[in-house]
Amino acid sequence: MESVSTNKAFGGVQGVYRHASAATGTDMTFSVFVPDHAPGAKLPVVWYLSGLTCTHANVTEKGEFRRACAEHGLIFVAPDTSPRGPDLNGNAVADDAEGAYDFGLGAGFYVDATQDPFARHYKMWSYVTEELPALIGEAFPADMTRQSIMGHSMGGHGALTIGLSFPERFRAVSAFAPIVAPGQVPWGQKALGGYLGEDKAAWRRHDAVALIEDGARVPALLVDQGGADQFLEKELRPELLEAACAKAGIELRLTIQPGYDHSYYFISTFMPAHLQWHAERLKG
């Protein structure tokens, strides 16, 4: 692991790091904020998964999470959203044939691709659920028995599906403007079809609403959604998650925030409340 940069912030250290990933076959960059802590202490970990077109840098620079993480004693980890080239052998990483923003580079959708040419490098599910957690547990003062996960948009989809798939690992799951049912909206249908082919059973394993319908359970979910989000009705459709949770008996704290859009102005506004919610469950 290579340290790209470190900066002191709110008494802790905001770092950016790079390593050669066995999962993706590329170098991967991620950021970690470690608050000030007593020597030898192990701190709970909050995972943040970013949305389409983002890297680790978007939330790191605009998410305004460090004050709350310092107050609650939380490590905050932000991975990238896809592999990026060249790979470890100097080859290019596949991108959307037309260079679209919603597929390929910057749009890994937190799945392990099975379709060529993406199957070679697009292993974001394995990277986020296996490889990077092992590295975080080894290299940072992280208590890996106390983890939670959150995300935005495509990353909200990732947080929900990973949290529902590993309920014993994550004590809290929340999202900002998540894609709740990718199998039913254009963004998700393009991504799941392109990465996983036409195996609809594989799609359901990466669809929060479908996972709940198929029996996945967590105690509670926290979701904030901007009421002025331009993607609300076509791509996000929180009402589908609301219906699935109601039928399954999952407590869903869904708030439509009037006037807020899809941007980090929205995310940063409600980030402290989400981290408070995570801290209560990580320390409880």
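Points worth noting:
- Scan of region 80-102 for residues that are buried (at least 24 other Cβ atoms within 10 Å of the Cβ) and either hydrophobic (A, V, I, L, M, F, W, C) or touching a His at 6+ places or on another chain (Cβ under 7 Å) (or both), ordered by number: Asp80, Pro83
- Within region 197-231, the set of residues being without any contact (Cβ under 8 Å) to a residue 12 or more places away in the chain and either of a type in the set (A, V, I, L, M) or under 19 Å from Arg281 (Cβ atoms) (or both) comprises just one member, Ala201.
- Unique residue being at pLDDT 95 or above, among the charged types (D, E, K, R) and either open to solvent by 60 Å² or more (accessible area, probe 1.4 Å) or more than 16 Å from the chain's Cα centre (by Cα) (or both) when the list is Lys190, Lys200: Lys190
- Close pairs (6 angstrom Cβ cut-off, 6 or more residues apart or separate chains): within 17 Å of Ser50 (Cβ to Cβ) in region 158-182, charged (D, E, K, R) and surrounded by fewer than 24 Cβ atoms within 10 Å (Cβ to Cβ) anywhere: Ala177/Asp229
- Residue list for region 103-127, filter: over 16 Å from the mean Cα position of the chain (by Cα), surrounded by 15 or more Cβ atoms within 10 Å (Cβ to Cβ) and of a type in the set (D, E, K, R): Arg120
- Selection status of Ala177, within 27 Å of Val46 (Cα to Cα), touching a strand residue (DSSP E or B) at 6+ places or on another chain (Cβ under 6 Å), of a type outside the set (Val, Ile, Thr) and surrounded by fewer than 21 Cβ atoms within 10 Å (Cβ to Cβ): no
- Pairs linking a residue in region 1-26 that is within 19 Å of Asn89 (Cβ to Cβ) and without any contact (Cβ under 8 Å) to a residue 60 or more places away in the chain to a residue that is open to solvent by 80 Å² or more (accessible area, probe 1.4 Å) and assigned to a strand (DSSP E or B), with Cβ atoms under 9 Å and 6 or more positions apart or on different chains, are Arg18/Glu2.
- So Asp80, is it charged (D, E, K, R) and under 16 Å from the mean Cα position of the chain (by Cα): yes
- The set of residues from region 128-153 being open to solvent by 30 Å² or more (accessible area, probe 1.4 Å) and in a helix (DSSP H, G or I) comprises Glu130, Glu131, Ala134, Leu135, Glu138, Ala139.
- Residues that are open to solvent by 30 Å² or more (accessible area, probe 1.4 Å) and either touching a strand residue (DSSP E or B) at 6+ places or on another chain (Cβ under 8 Å) or among the hydroxyl-bearing types (Ser, Thr, Tyr) (or both), drawn from region 30-55: Asp36, His37, Lys42, Thr53, Thr55
The values are calculated or read from the model by the stated rules, or taken from the named source; none is laboratory data. Being a predicted model, the structure only gives us computed values, none of them experimental. Heads up, the Cβs are rebuilt from the backbone with ideal geometry, glycines too, and the neighbour counts pull from every protein chain shown. Just the protein is used for accessible areas: all its heavy atoms, side chains included, with ligands, DNA and RNA removed. Shrake-Rupley method; radii C 1.70, N 1.55, O 1.52, S 1.80 Å.
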